[in-house]
Amino acid sequence: MTSKFNFKELMKERHSARDFLPKEIPEETLKEILKVSLNSPSWCNSQPWNIYVVSGKPLEEIKKNGYSKMSKK
């Protein structure tokens, strides 16, 4: 990375997305995001995460099941 940034400014600019556009993300973009995410630091390089990419009917099922579980609370 050639540009420098100020940590305080970076934290001020960050945000959480809670609503998303209903358009598909190109496969190459997803691959690049996943490639970069593999460089995320972890304690003792334990890399305790799993990454799943879901779309189409399986995604709709996950959404439906997630919403129904949340509404039962």
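The values are calculated or read from the model by the stated rules, or taken from the named source; none is laboratory data. Note that the structure is predicted; figures quoted are calculated from it, not measured. For accessibility, only protein heavy atoms count, side chains too; no ligands or nucleic acids. Shrake-Rupley method; radii C 1.70, N 1.55, O 1.52, S 1.80 Å.
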Original post:
Which condition breaks for Leu59 when tested against (1) of a type in the set (A, V, I, L, M); (2) at pLDDT below 85; (3) open to solvent by less than 80 Å² (accessible area, probe 1.4 Å)?
Top reply: (2)
Original post:
If Ile25 satisfies every condition in (1) part of a loop (DSSP other than H, G, I, E, B); (2) modelled with pLDDT of 85 or more; (3) open to solvent by 100 Å² or more (accessible area, probe 1.4 Å) but one, which is the exception?
Top reply: (3)
